[in-house]
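Okay, so here's the structure we're looking at.
What follows is calculated from the coordinates using simple rules that are stated; it is not laboratory data. These numbers were taken from a predicted model, which means no experiment stands behind them. Because the Cβ atoms are built from the backbone with ideal geometry, glycine has one as well, and the counts that use them run over all protein chains shown.
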Amino acid sequence: MAELSTLARPYARAAFQFALSNDQLSVWHQQLALLAAVVQHEKVVAGIESPALSASHQATIIIDVCGDELNEPVGNFVKLLAQNKRLPLLPGIVRQFAQFKTEHEKAVDVELITAIALDSEAQEKLAASLATKLARKINIHTQIDPSLLGGAVLKYGDMVIDGSLRGRLDKLSRAINS
């Protein structure tokens, strides 16, 4: 998969630079995410892989499926990808575009997994604490996992902080068994 991400990077960077220069980062991100979902649909995949369809026809089909959700520059981007036979790269392009966008905004997405739902005040305190520690804006995405028993697990980037009761019990069990 490293090869696909390498191929996707210049397209993601070009899209990001264009969106940034036109102050449309969010718009482009939303539209690219839509395109990535469309090109992963099984019928669209069959059309993209079909040698019978020309690049312009493939682009037209994808643009038509998205309808009014795409603006003209994103439509032109789809046409460019189709001409270069790079439509299957759209999911990777979206991931890299999102990374560029997050880095530009000096933000980090944090996944917060708890045994029970936290109120907004507790989430705000956690976000403020993390923002101070990481020197970035924090975007918290919450999940509920009753199997944690208590506590929380934080995931951001390649970091995982397991402060759950289940994690502590597992650690204690390993210590006793070793």
(message) Largest first, please: the extent of the C-alpha atoms of segment 43-135 along each principal axis, to the nearest Å.
(response) 56, 29, 23
(request) Return the inverse of the average 1/r over all pairs of distinct C-alpha atoms in segment 2-102, which is the Kirkwood hydrodynamic radius, in Å to one decimal. (result) 13.4
(message) Only bridges whose two residues both fall in the chain count here: according to DSSP, what percent of them are antiparallel, nearest 5?
(response) 50
(message) Can you show me the helix-derived [θ] at 222 nm for the chain, built from DSSP H runs with n ≥ 4 at -39,500 (n - 2.57) apiece and divided by the number of residues, rounded to the nearest 500.
(response) -20000 deg cm²/dmol
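Relative contact order for segment 2-102: what is it in percent, counting Cα pairs under 8 Å that are at least 6 residues apart?
Dividing the mean separation by the residue count of segment 2-102 yields 48 percent.
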(request) At 15 Å minimum axial length over the Cα atoms and a Kyte-Doolittle cut of -0.5, report the qualifying DSSP H helices in the chain, or say none. (result) 2-21, 25-39, 55-66, 72-83, 90-104, 120-134
(message) Suppose the chain between Glu49 and Glu103 were pulled fully straight at 0.36 nm per residue; how much longer would it get relative to their current alpha carbon spacing?
(response) 16.1 nm
(request) Estimate the FRET efficiency between Thr6 and Gln83 by the formula 1/(1 + (r/R0)^6), using the beta-carbon distance for r and 22 Å for R0, to the nearest 0.05. (result) 0.65
(request) List the residues of segment 58-99 whose backbone N lies under 13 Å from a point placed 7 Å from the Cα of Gln30 along the Cα-to-Cβ direction. (result) 68-71
(request) Match the structure shown to one of the listed values (1) 18.7, 61; (2) 15.0, 43; (3) 20.9, 64 of Rg and Dmax of the Cα atoms in Å, computed from it, and give that label. (result) (3)
(request) At a temperature of 25 °C and a viscosity of 0.890 mPa s, determine how fast segment 88-163 diffuses translationally according to Stokes-Einstein, using the Kirkwood radius over alpha-carbon pairs as Rh; express D in µm²/s, rounded to the nearest whole number. (result) 181
(request) May I ask you to derive the relative contact order of the chain, considering only C-alpha pairs under 8 Å and at least 6 residues apart, and to give it as an integer percent? (result) 21
